[in-house]
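See below for the structure under consideration.
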Amino acid sequence: MPAPPVVPRVPASVMEGLFVRGLQAEGRLAQQLEALGYDSRRPELDYPITLWQRAVALARHERFPELCDEDAYRQLGRRAVDGFAQTLVGRVAAVALPMIGPASALERLPRYLAMMGRTDVDVSIAAEGERGRRISLSDRYNRPDLMAGGLEGLLVMANAQPRITVEERSAGGYRLAVRW
């Protein structure tokens, strides 16, 4: 009988990136995050992805109540990447982005996801001309709009002006059209 799949865990640096650096969570949001199990003053090594999902959903409603889900999660994705780039772990990846450019940055997506604790995500990248890619991800834990926002942040750091569309959504993943 095969072993049950391992549920991913999210490193403390990813939590720090979004909630401490990206959103500067304090007051009510910080208290709500602590009630969920994330205390930024006493970080654990990593967290269950289910806690990440609940914390992101909480931040969506707390910080962007006026936006539709797609726009709110896209904003959170951008904030997560911007904040992660300010962490010790994230700076290592972010420093090279302006030098390698958008195409190479996207090719490194599996490596970046692994840095964020997501070795479980299969990534398929197909070139669509010189300045476009179709990216399929087997991510069943994050909303595609969160990833789209994260990729927007990544590509901006790589000196590009991205346009990302969610083309397909399913319980097992999603497909993004990326242009710059």
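Taken together, 93, 57, 12 contain a single residue that is aliphatic (A, V, I, L, M), closer than 30 Å to residue 129 by Cβ and under 18 Å from the mean Cα position of the chain (by Cα), which is 93. Go through segment 37-55 and give me each residue that's in contact with a Leu (Cβ under 6 Å, 6 or more places away or on another chain) and under 18 Å from residue 83 (Cα atoms). Result: 55, single match. Residue count for segment 1-36 satisfying the condition of being free of Cβ contacts under 8 Å to residues at least 24 places away in the same chain, out of contact with any Leu (no Cβ under 8 Å at 6 or more places or on another chain) and part of a helix (DSSP H, G or I): 5. Taking the listed residues 175, 134, 163, 140, the one that is in contact with a strand residue (DSSP E or B) (Cβ under 7 Å, 6 or more places away or on another chain), within 22 Å of residue 67 (Cβ to Cβ), open to solvent by 20 Å² or more (accessible area, probe 1.4 Å) and charged (D, E, K, R) is 163, with no other qualifying.
The values are calculated or read from the model by the stated rules, or taken from the named source; none is laboratory data. Since the model is a prediction, treat every value here as computed from it, not as a measurement. Cβ atoms come from the backbone with ideal geometry, glycine included; neighbour counts cover every protein chain shown. Calculation scope for accessible area: heavy atoms of the full protein, side chains included, ligands and nucleic acids excluded. Shrake-Rupley method; radii C 1.70, N 1.55, O 1.52, S 1.80 Å.
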